[in-house]
1. Taking the stated definitions as given, is A:T151 surrounded by 19 or more Cβ atoms within 10 Å (Cβ to Cβ) and among the hydroxyl-bearing types (S, T, Y)?
2. Being within 20 Å of A:H231 (Cα to Cα), surrounded by fewer than 16 Cβ atoms within 10 Å (Cβ to Cβ) and of a type in the set (F, W, Y) is the filter here; which residues of the range A:1-46 pass it?
3. Any residue that is free of Cβ contacts under 8 Å to residues at least 24 places away in the same chain and farther than 30 Å from A:E97 by Cβ - is there at least one of those in the range B:156-169?
4. Consider A:E292 against the criteria (1) part of a helix (DSSP H, G or I); (2) closer than 30 Å to A:G57 by Cβ; (3) not assigned by TED's automatic domain parsing to the domain that holds A:K11: it satisfies all of them except one. Which criterion is unmet?
5. Scanning for something in contact with a helix residue (DSSP H, G or I) (Cβ under 9 Å, 6 or more places away or on another chain) and closer than 30 Å to A:Q130 by Cα, does the range B:33-54 turn up at least one residue?
6. Please verify whether B:R68 is out of contact with any Ser or Thr (no Cβ under 6 Å at 6 or more places or on another chain), part of a helix (DSSP H, G or I), basic (K, R) and crowded, with 19+ Cβ neighbours inside 10 Å, treating the condition exactly as stated.
7. For residues in the range A:85-108 being more than 8 Å from chain B (Cβ to nearest Cβ) and crowded, with 23+ Cβ neighbours inside 10 Å, which is nearest to the chain's Cα centre (by Cα)?
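The values are calculated or read from the model by the stated rules, or taken from the named source; none is laboratory data. Keep in mind that what you see is a predicted model, and the values were worked out from it rather than measured. Neighbour counts are summed over all protein chains in view; Cβ atoms, including those assigned to glycine, are modelled from backbone coordinates with ideal geometry.
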Amino acid sequence: MSLVRVDDLGKTYRIAEKQPGLAGTFRHFVKRRHRDVEAVRGVSFTIEAGEVVGFLGPNGAGKTTTLKMLSGLIHPSSGSVEVAGHRPHRRQKAFLEQITLVMGQKQQLIWDLPPLDSLRVNAAIYGLDQGESRRRIGELAEMLELGEELTRPVRKLSLGQRMKAELLAALLHRPAVLFLDEPTLGLDVNAQARVRSFLADYNRRFGATVLLTSHYMADITALCPRVLLIHQGRLFYDGQLSALAERLAPYRQVRLDLARPLPEVPWSDYGELESCEAREVRLLIQPDRLTETLARLLNDLPVVDLEVSDPPIEELIGRLFRQGEVA
Amino acid sequence: MNGRIARVLLSTQYAYMLEYRAEIALWALSGVLPFIMLGVWSQAEAASSLGLDRIQLGRYFLAGFVVRQFTLAWVVFAFEEDALQGRLSPYLLQPLHPLWRYLAAHLAEQATRLPFVAAIAATFFLLQPETFALAAPQRLLLALLATWLAFALNFLLQSSIACLCFWSERASALERLLLIPFLFLSGLVAPLEAYPPAMRQLAYATPFPYMIHFPAQLLAGGPVAVAAGFRAMLGWLLLLLPLCLLLWRTGVRRYTAMGA
């Protein structure tokens, strides 16, 4: 049975609109004009227990609004949500004990105190006795490579250390469902990698279900076999990441290193020319013609080195969103 | 909320408040309005117009200062900031009503404030030794209870206003609007006995006298209707508690997790 069920979910915000200038200010004061903004429209999907799903979309697509509804932070305007057998917006104790929402750059740790103080509070709130909370803190701290940082005031920690401590605080009660909104936002490459490997490890050890949004495709490709793509509040793709790449880019990228520059070659006979700089040539070739084309290239041209790869997924998705090809 | 959560929340908030001890000392010092009013009313003619001698006046305003220090509530400001900046979101996702956190923060702040208030009161007695008197234990206990209830009243009133943050982003403006009636009707600027009867009647129809005047009179040993005062306090508490919970329940549905 699905752990997360979302059916025809919608959220509409009422936004007050104000024109610029003094006249606009007076008009706004006397008679406010409102506009309904549909942040999420008719979104449906399910997530099975233990799955790690990436939630992708440009800024303002409705990712965070969806996560807020799934975690029970805001009420849906339409449709229904069920997480771990609960209606999230009711925020019942049994539900809250099973979920967590981590928002990058937002913190629950008390700023002027060491993380351990916030962890003590969380342990008490979730009813963990001292022995159990010590054990869990030790275990998670080891996974996150946190040590004496836990006894330093939060304000003295680096962004990466703070994010890891935030994760520790958010996972102390060992939630079954993790909603992660940009958990690696602003972190350097090393810190991002550590957070990613921690999340993968956490998912393996505890079988947690994860729904993750990130602007860093490396997070998605490293963690999420399945992705949901959302644009202008509507879900338009739900499936395997590899299949998405297939759908978005029905070709392979072939990089050739030639023995010498060959400006006269009719590249269109082989595939779509992406770039040609001195001895390095990049071609896009359809998969069903790949073997035959590679054989011809090797036969016809003085190829020193050859590399076949999928185009980077972030490039494909970025192009998709930019071109608005998602309607 | 159970005993362990209360203990941990209080000790953590106390540690947090200690980080801000200098600021809290300044807050305590800034609450000297009763002493200013004491200076104003201490003029012989003014004092006699209140029907109180200098010693009674001194005790009343010192008691007013002490009660005010331990009944202050700032939940509306903290809550408003948290709601606007999205800091309320993680609180809402934990199985503990967020208002408990604010309550713990207030109590911890009072504990931090205690030594500063004691120092100010000691200085007052040094300067005006004739005002020093030990209240009877029973009266002192009643004053403590009344001060605690006065804090509960103030906290619930402010929490109810804070819940309006779900409708308006600047609910604290309403709290500021209440400051003037509070100052005049609570007994902070003068004992209510000095007011004309109609004004006094109006004051007693509001919760404000029970936030300062009633506990201050108990502490100062002044004339006060003990049973009627406690009855009125309980009445206001029974009105404000469900109001606050209703506003919370209705308002939290409108929460949009701004800034998060």
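1. For A:T151, the condition - surrounded by 19 or more Cβ atoms within 10 Å (Cβ to Cβ) and among the hydroxyl-bearing types (S, T, Y) - is not met.
2. A:Y13, the sole residue that qualifies.
3. Checking the range B:156-169: at least one residue is free of Cβ contacts under 8 Å to residues at least 24 places away in the same chain and farther than 30 Å from A:E97 by Cβ.
4. (2)
5. No, the range B:33-54 contains no residue that is in contact with a helix residue (DSSP H, G or I) (Cβ under 9 Å, 6 or more places away or on another chain) and closer than 30 Å to A:Q130 by Cα.
6. The answer is yes for B:R68.
7. Taking the candidates together, the pick is A:V102.
The rows are residues; the columns are (1) within 14 Å of another protein chain (Cβ to nearest Cβ); (2) within 23 Å of B:L179 (Cα to Cα).
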{"position": "B:H213", "(1), (2)": "no, yes"}
{"position": "B:A220", "(1), (2)": "no, no"}
{"position": "B:A225", "(1), (2)": "no, no"}
{"position": "B:G229", "(1), (2)": "no, yes"}
{"position": "B:L237", "(1), (2)": "no, yes"}
{"position": "B:L241", "(1), (2)": "no, yes"}
{"position": "B:C244", "(1), (2)": "no, yes"}
{"position": "B:W248", "(1), (2)": "yes, yes"}
{"position": "B:Y255", "(1), (2)": "yes, no"}
